[in-house]
Structures are given as structure tokens and as C-alpha cells.
Amino acid sequence: MTRDDRPDAGPEEALPMLRWLRLLVTALAVVMGVGVLVIAALLWLRLSQPLLPELPEQITLPAGAQPAAVTFARDWLVVVTQAGEVLLYDKQGRLREQVQP
């Protein structure tokens with residue numbers, strides 16, 4: 001069996017493939033590094049926002065009403081009472097609408 005008949009490639013033929021493999025591994029490492037930085041930046045931007053919207057200084061519930069749930073909307077504060085009544089307040093804390101069950 002001569003040298004040219006062997007199935008394994010010689011060092012001269014393997015060198016370009018190793019360069020290509022090194023380039024691919026380096027590119028993958030760079031892409032993964034950039035991805036980690038992007039994810040960290042998105043988490044930092046998202047978690048730096050306030051958890052709750054700004055609340056009015058004071059909200060006055062109707063007489064005898066007890067809150068059961070509070071929901072924040074973009075321009076509204078929604079309070080659901082124990083009786084199932086829905087109260088809509090604006091950003092200043094004024095009662096705008098009252099929906100009976």
C-alpha cells in the first residue's frame with residue numbers, strides 16, 4: 001500500500017479544514033457572546049422599569065364599599081368591590097364610572 005492509497009488525509013489536506021473549523025468556532029463564540037450581551041441588556045431595560053404605574057394620591061370609595069381587587073390599566077384604575085361593583089378611576093383619583101353587577 002502506497003502513501004496515496006491510504007484513506008486518511010495527510011497534514012497538507014487537513015490544514016485548510018482545521019482553519020475553517022477554527023473560523024467557525026470563533027464565529028460561534030462571537031455570536032453567542034453578542035447574544036448574551038443582548039439578553040442582559042433586554043433584562044436590564046425591562047427590570048429597570050417601575051413595577052406599578054403611578055397611583056393617585058387618594059382614592060375615595062363609595063360608602064360601604066370594600067375593595068376586592070385592583071387592576072391597573074393605561075389611563076384607568078379599576079377597583080372591584082366585594083359586592084361585584086366595578087369602579088373606574090382616572091389618574092387623578094376621581095371616580096369616572098360605576099358599573100353595577
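The values are calculated or read from the model by the stated rules, or taken from the named source; none is laboratory data. Just so it is clear, the model here is predicted, and its values are computed rather than measured. Backbone-built Cβ (ideal geometry, glycine too); neighbour counts: all protein chains shown. Please note that ligands, DNA and RNA were not included when accessible areas were found on the heavy atoms of the full protein model with its side chains. Shrake-Rupley method; radii C 1.70, N 1.55, O 1.52, S 1.80 Å.
What to note about this one:
- Within region 75-95, being outside any strand (DSSP E or B) and in contact with a Lys or Arg (Cβ under 6 Å, 6 or more places away or on another chain) holds for one residue alone: 90.
- Residue check for residue 71: assigned to a strand (DSSP E or B), open to solvent by less than 90 Å² (accessible area, probe 1.4 Å), at pLDDT 85 or above and of a type in the set (S, T, N, Q): yes
- Search result, residues across region 74-96 that are exposed (fewer than 13 other Cβ atoms within 10 Å of the Cβ) and either in contact with a Pro (Cβ under 9 Å, 6 or more places away or on another chain) or among the aliphatic types (A, V, I, L, M) (or both): 74, 82, 83, 84, 92, 94
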